[in-house]
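For reference, the structure discussed in these notes is given below.
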Amino acid sequence: MSVGVLALQGSFHEHLAALRRLGVKGVEIRKPEQLEHVNALIIPGGESTTMAKLAEYHNLFPALRNFIQMGKPVWGTCAGLIFLANKAVGQKAGGQGLVGGLDCTVHRNFFGSQLQSFEAELSVPELAEKEGGASSFRGIFIRAPAIVEAGPSVQVLADYPISPTNSRDSESIHRENEEDKTQPEEKVIVAVKQGNILGTAFHPELTADTRWHSYFLKMVKEPGAECSSSEGNLDAP
Ligand code: GLN
């Protein structure tokens, strides 16, 4: 099995190290033709506008879209998640190139600036190794996006409650919470799966916990187990 890691910018070294810990050799991807030799792709966190400019420069967009449409597993973390979304909104959004494929609206820098980066315990039932097993995962959110809208084919793997202390970029939500303390807790989505696409708003590659990488490798080893391409698998009849 050969897993590519988009190596234009951002935390690609950390993803390669996590794959190595699981006995998988990752391949750095910088050119369109390199995608032909890998079974799956990880798009790391970093800065999505810069990543988009570099992808444009290397003419990677058509090859990346084709890779996804072929049903090959692709995982975007943080800026990588933004890259995979069909739509980006929020601070500094707009004008940047997106690969798309994930039927979501992603709000860039949802939780605020670099200074508002944080860690949080998430409940991720999909990561539990057995029925009733441990499902908590400590997510590292660095100038992280959040998914504010998801289409019907998107499976939510983890969400995160919004409160005046953990959402700093969404002033209207702050005000609503202040005005009506009785309203039910609101949540944003921070991890999703849609067919062959996996997206996390946080950075599993910056932790020693390799369960997200194992989860992704399972998508690569068992394509179609519960994953089918959202955009149509070219191999399908
Ligand atoms: N805020 C960054 C962006 O919009 C993403 C941050 C990250 O990947 N840690 O691209």
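What follows draws every value from the coordinates through simple rules; no lab data is involved. All of these numbers come straight from a predicted model, not from anything done at the bench. Here Cβ is always computed from backbone atoms with ideal geometry, including for glycine, and neighbour counts include all displayed protein chains.
Apply the Karplus curve 6.51 cos²θ - 1.76 cosθ + 1.60, θ = phi - 60°, to the phi angles in the stretch 202-209 and return the couplings in whole Hz, x for Gly and Pro.
Listing the rounded values in order: 10, 10, x, 5, 9, 10, 8, 7 Hz.
Expressed in nm to one decimal, what extension gain is obtained for the pair N66 and E28 from 0.36 nm per residue of sequence separation less their Cα-Cα distance?
11.9 nm
Once Rh for the stretch 1-143 is found with the Kirkwood sum over Cα pairs, what is the Stokes-Einstein diffusion coefficient at 4 °C and 1.567 mPa s, in µm²/s?
Estimated via Stokes-Einstein, D reaches 81 µm²/s.
Arranged by the count of other C-beta atoms within 10 angstrom, fewest first, what order do K187, K193, K130 take?
Ordered by Cβ neighbours within 10 Å, fewest first: K130, K187, K193.
Across bins of 5 angstrom width beginning at 0, how are the C-alpha pair distances of the stretch 100-158 distributed, in whole percent?
So the P(r) values, bin by bin, are 4, 17, 18, 20, 21, 15, 5, 1.
Note down the magnitude of the dipole of the stretch 1-134 about its Cα centre, charges +1 on Lys and Arg C-beta and -1 on Asp and Glu C-beta and zero elsewhere, to the nearest 20 debye.
360 debye
Do any GluC sites (Glu not before Pro) in the stretch 43-150 lie in a DSSP loop with no more than 14 other beta carbon atoms within 10 Å, and if so, which?
E129, E131
Considering the stretch 1-74, what Rg and Dmax in Å follow from its alpha-carbon atoms?
Computed over the Cα atoms of the stretch 1-74, radius of gyration and Dmax are 11.6, 32 Å.
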